[in-house]
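The values are calculated or read from the model by the stated rules, or taken from the named source; none is laboratory data. Everything quoted here is computed from the prediction, not taken from an experiment. Backbone-built Cβ (ideal geometry, glycine too); neighbour counts: all protein chains shown.
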Ligand SMILES: Cc1ncc(COP(=O)(O)OP(=O)(O)O)c(N)n1
Ligand SMILES: Cc1nc(C(=O)O)sc1CCOP(=O)(O)O
Ligand SMILES: [Mg+2]
């Protein structure tokens, strides 16, 4: 059902929701995470953070509580461990009932509690296990002492799909090795990988002397350094729990491990950035707002994390066509949105910069008021100046990793890819989606190589990113495109079928209806 790069395969006793239902009615499987962690009365970290991030990412989260802490923004005043038998009862209760995609662990404060977790996981196998080896609170309070280290090393880490220690936790797990540089984080990740987890993410947020926050990801072969600018804020309480739970949520939705980690890092960065000035509590370490995307100011630059379903009906404008039909870009965009376009790209190859910028600014306003993302083709400068939601670039435009560093973590980047290799590179460079084509011959883009439906399918199957098909697509052939039926093909991008037409609104509505109908057939 899922293509989780590196996730353990489905256990033999895995039941699918549909198979266990007696009714023939259609059912919708909701991605489900179980967090096994401690309660934070201040609700910045622990179980409370886990529930919030999963909700924010559209994933159901159940909770098994291992300990209750009396905790606020000033620190941890007291910790009460729940009896292992009672932790076991909670585990049995939910594991025997729900069908979790992923279990995420946080505070596991005693060997006995780890034992009951291991026992329950052997009785009720789950698809993936995310282990955040919580040991010390942000305020310095010990949450799991050295007594748990051996059971972590010998029994929990070997069954984990990913572990997410910070440098202090990585050092403790490795017997106290010094970790003060990115190079030492890499060595630590390698040594931790030898203990058995499939993937290791060593978080460098606490590293001294760095303007960037650098995390080191190791998959057993390759290292990735995940960098983002350090955000100056007191509101960092709960970042570790949030990151690990967001990874769990993304895995539950079907992401590969590296994509899940990248999305999680961006989620935390966006949340910290949004919450950097908020004041909750009087202490040194405040919580941040997990629901920033619900609250974003329509006029502000913050865009919620990209939703691949937005690629469903992707309208790409064309300056020549708009001139030919004597309409402005703004009118074209308004009509496309009204007709059901789910994302807009301004591809104005011949526009003068100043005029284009003014029109782009107007389009940003229109798109924001309708909750539709607006991307700019090729022109990173225009995207930055008009505060668009992102850009689309091709293989001969600015390299994607450079685009990402210019636009920051919260903008959407799409890349044109005709081959699996290009798709792989786009993913590695931090793109959000790929556009693949030309599926059919087109007059809109000169000298464009056609890859056909087979070429599209090959790229989709190889891509770790969501895909939108492009090139010669219209009402007459959109269904055949969607029928290649690969899960990451999310929609079609069209130019002439919408804009080289007398009425953009009518054509967009028709294409939208056709696509909706094709969804039912697939
Ligand atoms: C969604 C989408 N996919 C592909 C393209 C083509 O981009 P590129 O290869 O850079 O070609 P130009 O559009 O710049 O001619 C696209 N624009 N949108
Ligand atoms: C802009 C563009 N990019 C393509 C690619 O293959 O990457 S095909 C294309 C033109 C799509 O226009 P129409 O919908 O009018 O065929
Ligand atoms: Mg281009």
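Per the conditions (1) within 23 Å of residue 497 (Cβ to Cβ); (2) away from ligand 2 (no atom under 16 Å from the Cβ); (3) within 30 Å of the chain's Cα centre (by Cα); (4) buried (at least 19 other Cβ atoms within 10 Å of the Cβ), the sole criterion not satisfied by residue 343 is (2). Taken together, 356, 306 contain a single residue that is away from ligand 2 (no atom under 16 Å from the Cβ) and part of a loop (DSSP other than H, G, I, E, B), which is 306.
If you go through segment 309-320 and keep only what is part of a helix (DSSP H, G or I) and modelled with pLDDT of 95 or more, you end up with just 311. Considering (1) away from ligand 2 (no atom under 16 Å from the Cβ); (2) under 15 Å from residue 497 (Cα atoms); (3) over 33 Å from the mean Cα position of the chain (by Cα), the lone condition that residue 327 does not fulfil carries the number (2). The condition of being in contact with a helix residue (DSSP H, G or I) (Cβ under 9 Å, 6 or more places away or on another chain), without any contact (Cβ under 8 Å) to a residue 60 or more places away in the chain and assigned to a helix (DSSP H, G or I) holds for only one of 184, 225, that being 184. Kindly indicate whether any position in segment 475-486 is within 16 Å of ligand 3 (Cβ to nearest atom) and modelled with pLDDT of 95 or more. There is no residue in segment 475-486 that is within 16 Å of ligand 3 (Cβ to nearest atom) and modelled with pLDDT of 95 or more. Here segment 443-458 is the region considered, the condition is being in contact (Cβ under 8 Å) with a residue 24 or more places away in the chain and under 16 Å from residue 392 (Cβ atoms), and the residue that is surrounded by the fewest Cβ atoms within 10 Å (Cβ to Cβ) is 445. Residue by residue through segment 306-320, note down the ones that are under 24 Å from residue 515 (Cα atoms) and surrounded by fewer than 19 Cβ atoms within 10 Å (Cβ to Cβ). Correct list: 307, 308, 309. Out of 439, 391, 415, one residue alone is closer than 18 Å to residue 351 by Cβ and touching a strand residue (DSSP E or B) at 6+ places or on another chain (Cβ under 7 Å). It is 391.
Within segment 32-88, the residues that satisfy the criterion of being assigned to a strand (DSSP E or B), more than 26 Å from the chain's Cα centre (by Cα) and over 14 Å from residue 105 (Cβ atoms) are 68, 69, 70, 71, 72, 75, 76, 77, 78, 79, 80, 81. Looking at segment 460-474, which of the residues that are more than 15 Å from ligand 2 (Cβ to nearest atom) and not in a loop (DSSP other than H, G, I, E, B) is farthest from residue 424 (Cα to Cα)? For segment 460-474, the residue satisfying everything is 461. Restricting the search to helices (runs of 4 or more DSSP H) fully inside segment 475-521 and requiring at least 3 residues that are more than 24 Å from residue 450 (Cα to Cα) gives 504-521. Taken as a whole, the condition of being under 30 Å from residue 458 (Cα atoms), modelled with pLDDT of 95 or more and within 16 Å of ligand 2 (Cβ to nearest atom) does not apply to residue 400. In segment 379-409, of all residues being assigned to a loop (DSSP other than H, G, I, E, B) and within 16 Å of ligand 3 (Cβ to nearest atom), the one that is surrounded by the most Cβ atoms within 10 Å (Cβ to Cβ) corresponds to 388.
Checking each residue in segment 365-378 for being within 16 Å of ligand 2 (Cβ to nearest atom) and either modelled with pLDDT under 95 or not in a strand (DSSP E or B) (or both) picks out only 378. Here is the figure for segment 420-442: residues that are within 13 Å of ligand 1 (Cβ to nearest atom) and surrounded by fewer than 20 Cβ atoms within 10 Å (Cβ to Cβ) total 2.
The set of residues in segment 414-470 being over 23 Å from residue 343 (Cβ atoms) and within 16 Å of ligand 3 (Cβ to nearest atom) consists of 446, 447, 449.
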